[in-house]
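Enquirer: Take this structure, written in structure tokens, and hold onto it; I'll ask about it next.
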Amino acid sequence: MKLAMVDDKITSFEELDPVHFDRGIYFGDGVYEVLRSYRGKIFALEEHLQRFAGSLAAIRITGIDVGVIRQRVERAFLAAGFANAKIYFHVTRGSEPRSHTWKPDLKPNFFLTVSELVDNPEEKAKGIAVCTHPDERWKRCDIKSLNLLPNILAKQAAAEKGFSEAILVDDAGFITEGAGSAFFAIVKRALQTAPLSANILPSITRQFVTKTAKNTGLAIEERCLTPQQAATADELFLAVTTKDIVPVVRFDDATIGDGRPGPCTKALIAEFQKFTV
């Protein structure tokens, strides 16, 4: 008989809840999505589901019907009754005794939460401070996997220094993205951000920021920025699902612009809202 211990209780493998064998716990072997709603309507659901399907395929989790996932998301959202909600869900490869390889007939596990989302207008009005941090993530950041330890360590380090976000810098000295956000600079009415690659998550909010930028007359330049270039940009901002566009007014020790959200960022925030109605 194999034994296990949960907190202070010793039990047999046979008596354990299958959740304790979840490969997501052992290995981060799963993928996830975070969505939000605006005024009772889920934003960009199809785009999120398309990315989710790509993440599943990339790590070879099969047996998931994305149409069923859509139904579950919509049903849970309606049941929660929040006009503005944060919807998180993940799929792991399944539950089995710990082994690096997996059984081909393993049944995936699904988990979802819905919580009320309270927007922070002060962040948009005043802007936030961010700091740089070494990018220590794995080489497939384009997959939205559950392996987020480097992200949380970076964000915690930033928080302990009084910053709202960690901006990740790779070994070549270029900014990739935020620990939990996409990163943008505005220089001479050109929107600048790193090109998509294996080191960048294909952010859904980034897609809409690009559309928003075109609508406001900004040029778009996909180029890698150094921290020094970012620190001297006219404006900086982040894009993240749960907050959309957030102005950055301090970058490490540098004040961005006059220390207040810039005119282009304000215009982008206003224009972005047209996609949420």
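Enquirer: I need every pair where a residue in the stretch 208-224 that is outside the structural domain of Phe43 (by TED's automatic domain parsing) and at pLDDT 95 or above has its Cβ under 9 Å from the Cβ of a residue that is in a strand (DSSP E or B) and of a type in the set (Phe, Trp, Tyr), sequence separation at least 6 or different chains.
Expert: Listed pairs, sorted by first residue: Val209/Phe184; Val209/Phe237; Ala213/Phe184.
Enquirer: Within the stretch 69-109, which residues are free of Cβ contacts under 8 Å to residues at least 60 places away in the same chain, farther than 30 Å from Tyr38 by Cβ and among the aromatic types (Phe, Trp, Tyr)?
Expert: none
Enquirer: Please tell me if Glu14 is surrounded by fewer than 10 Cβ atoms within 10 Å (Cβ to Cβ), outside any loop (DSSP other than H, G, I, E, B) and either of a type outside the set (A, V, I, L, M) or assigned by TED's automatic domain parsing to the domain that holds Arg137 (or both).
Expert: yes
Enquirer: Looking only at the stretch 160-194, count how many residues are loosely packed, with under 14 Cβ neighbours inside 10 Å and either part of a helix (DSSP H, G or I) or within 17 Å of the chain's Cα centre (by Cα) (or both).
Expert: Count: 1.
Enquirer: Within the bounds of the stretch 135-142, is there any residue that is of a type outside the set (Asp, Glu) and not in a loop (DSSP other than H, G, I, E, B)?
Expert: Checked against the condition, which is being of a type outside the set (Asp, Glu) and not in a loop (DSSP other than H, G, I, E, B), the stretch 135-142 yields no hits at all.
Enquirer: Against the condition in a helix (DSSP H, G or I), of a type in the set (A, V, I, L, M) and at pLDDT 95 or above, how does Ala79 come out, does it pass?
Expert: The answer is yes for Ala79.
Enquirer: What is the number of the single condition among (1) surrounded by fewer than 18 Cβ atoms within 10 Å (Cβ to Cβ); (2) touching a Leu at 6+ places or on another chain (Cβ under 8 Å); (3) under 24 Å from Leu153 (Cβ atoms) that Thr92 does not meet?
Expert: Thr92 satisfies all of (1) surrounded by fewer than 18 Cβ atoms within 10 Å (Cβ to Cβ); (2) touching a Leu at 6+ places or on another chain (Cβ under 8 Å); (3) under 24 Å from Leu153 (Cβ atoms) except (1).
Enquirer: So, Ala129, is that one assigned to a helix (DSSP H, G or I) and either crowded, with 19+ Cβ neighbours inside 10 Å or of a type in the set (A, V, I, L, M) (or both) or not?
Expert: No.
Enquirer: Moving on. Sort out which residues of the stretch 17-52 are part of a helix (DSSP H, G or I), in contact with a strand residue (DSSP E or B) (Cβ under 6 Å, 6 or more places away or on another chain) and surrounded by 13 or more Cβ atoms within 10 Å (Cβ to Cβ), and write them in order of number.
Expert: Once the filter is applied, which keeps residues that are part of a helix (DSSP H, G or I), in contact with a strand residue (DSSP E or B) (Cβ under 6 Å, 6 or more places away or on another chain) and surrounded by 13 or more Cβ atoms within 10 Å (Cβ to Cβ), the stretch 17-52 yields Phe21, Arg23, Gly24, His48, Phe52.
The values are calculated or read from the model by the stated rules, or taken from the named source; none is laboratory data. Keep in mind the model is a prediction, meaning the values are calculated, not measured. Methodologically, a virtual Cβ is constructed for each residue, glycine included, from the backbone with ideal geometry; neighbour enumeration extends over all protein chains shown.
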